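The values are calculated or read from the model by the stated rules, or taken from the named source; none is laboratory data. No experiment lies behind these values; they were computed from the predicted model shown. Virtual Cβ from ideal backbone geometry, glycine too; neighbours counted across all protein chains shown.
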Amino acid sequence: MRFLVIGDVHANLTALGAVLVAVAHDQVVCVGDVIGYGPEPRACVDLVTRVAQRVVCGNHDAHLAGSLPPEKTWSSAGRWDRWTAAQLEERHRAIIGSWPEVAVCTDGSRTFQMRHNLPGTGYATTDAPTRLAEALAASPADGVVFGHSHVPFIHRIGRRWVANTGSVGQPRDGDPRAACLVIEDGEPVIRRVPYDIEATVRALEDLPLGPCYRAAWATCYRSGLVDGRRLAQAEAEDGATGFPEPVTAKTSRV
C-alpha cells in the first residue's frame, strides 16, 4: 500500500491539485489544516473530502468551522479568518466537525498514527528529540506522522519513526514547493512538488486584504518562508493608508 500523506493545505487549491497529480498513491490521508490563510477554502475542503480516506482536524480547521469570537480590531488576520468562515456552508462545517483528532492507518502488519500536532504546545521539531520520543512511547503504532510546523522531517528511533509532512500549501522551510509524505511498506519518504505559485498569488486578489498585506503574503508563497515581522509591518502600512474597508464576501472557486 502506498499512502500519500498531506497536511497544512491552507486553502491552496493549486498546490493541492499539483500534489495529487504528481505523487502516485493508493490512498490519501490528511493531517489537517485544510483551511486557513489561503484563497480557496471551500474548494479545498470539497477536494480533500472526495479524495482522502482519513482526515484529522487541524487547529485552523476547528477554529474556522466553529464560532469565531467577536473581532475587536480590524486586523488583516481577523478579516481573513472571517472571510474564510463566510465561505463555508453548513455541510463544510459538518464535515470538518466529523474529523477526529487522531487516526490510525494500517498497511499489512505496519501501522502509523496521524494527528495534526504532537501533544503539548508549540511546534515539535527535530530540535526537541525528547518530545518526539515521548510521542512514540505514547503510541502503539510503528510510526507517528503529524504537521503543524510546516517543516518536513523524518526522525528515527530504532525501527520506529516520527515524521512531519511539511506543508502542501504554505511551506516554511525556505523551499516554496509543496511538501508531503509517501509511506510505503511502513517507510516514510518526503516528497516535494513544484506548483504554479503565481496562480495562488493571483487568487489572493479575490480576498478582502490590504494591498501591502497581500503583497507580503505573495512573498511568503514565493520564498517558502513566512516572515511574521514583515506581515505585521505590511498590516501597519495598510492601516496608515486608510485600509481596512468594509469586508466584501467573495466566494472561492469550487
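Among all positions in segment 19-32, there is at least one residue which is assigned to a helix (DSSP H, G or I), of a type in the set (Gly, Ala, Ser) and either in contact with a Lys or Arg (Cβ under 6 Å, 6 or more places away or on another chain) or more than 13 Å from Leu88 (Cα to Cα) (or both). The residues of segment 135-185 that are part of a helix (DSSP H, G or I) and either buried (at least 21 other Cβ atoms within 10 Å of the Cβ) or touching a strand residue (DSSP E or B) at 6+ places or on another chain (Cβ under 7 Å) (or both), listed by number, are Ala135, Leu136. Take the conditions (1) hydrophobic (A, V, I, L, M, F, W, C); (2) within 20 Å of Val29 (Cβ to Cβ); (3) in contact with a Pro (Cβ under 7 Å, 6 or more places away or on another chain); Cys180 misses just one of them, which is (3). For beta carbons closer than 7 Å, sequence separation of 6+ or different chains, a first residue in segment 207-222 that is farther than 21 Å from Arg177 by Cβ and without any contact (Cβ under 8 Å) to a residue 24 or more places away in the chain and a second that is among the small types (Gly, Ala, Ser) and in a helix (DSSP H, G or I), the qualifying pairs are Ala215/Ala234. Annotation note: of Ala124, Ala62, the sole residue that is in a loop (DSSP other than H, G, I, E, B), surrounded by 13 or more Cβ atoms within 10 Å (Cβ to Cβ) and either within 18 Å of the chain's Cα centre (by Cα) or of a type in the set (Phe, Trp, Tyr) (or both) is Ala124. Could you check, for segment 39-52, whether at least one of its residues is out of contact with any helix residue (DSSP H, G or I) (no Cβ under 6 Å at 6 or more places or on another chain), more than 17 Å from Val104 (Cα to Cα) and either modelled with pLDDT under 95 or not in a helix (DSSP H, G or I) (or both)? No: segment 39-52 contains no residue that is out of contact with any helix residue (DSSP H, G or I) (no Cβ under 6 Å at 6 or more places or on another chain), more than 17 Å from Val104 (Cα to Cα) and either modelled with pLDDT under 95 or not in a helix (DSSP H, G or I) (or both).
Answer yes or no as to whether Val151 is in contact with a helix residue (DSSP H, G or I) (Cβ under 7 Å, 6 or more places away or on another chain) and not polar (S, T, N, Q). Here the answer is no, as Val151 does not meet what is asked.
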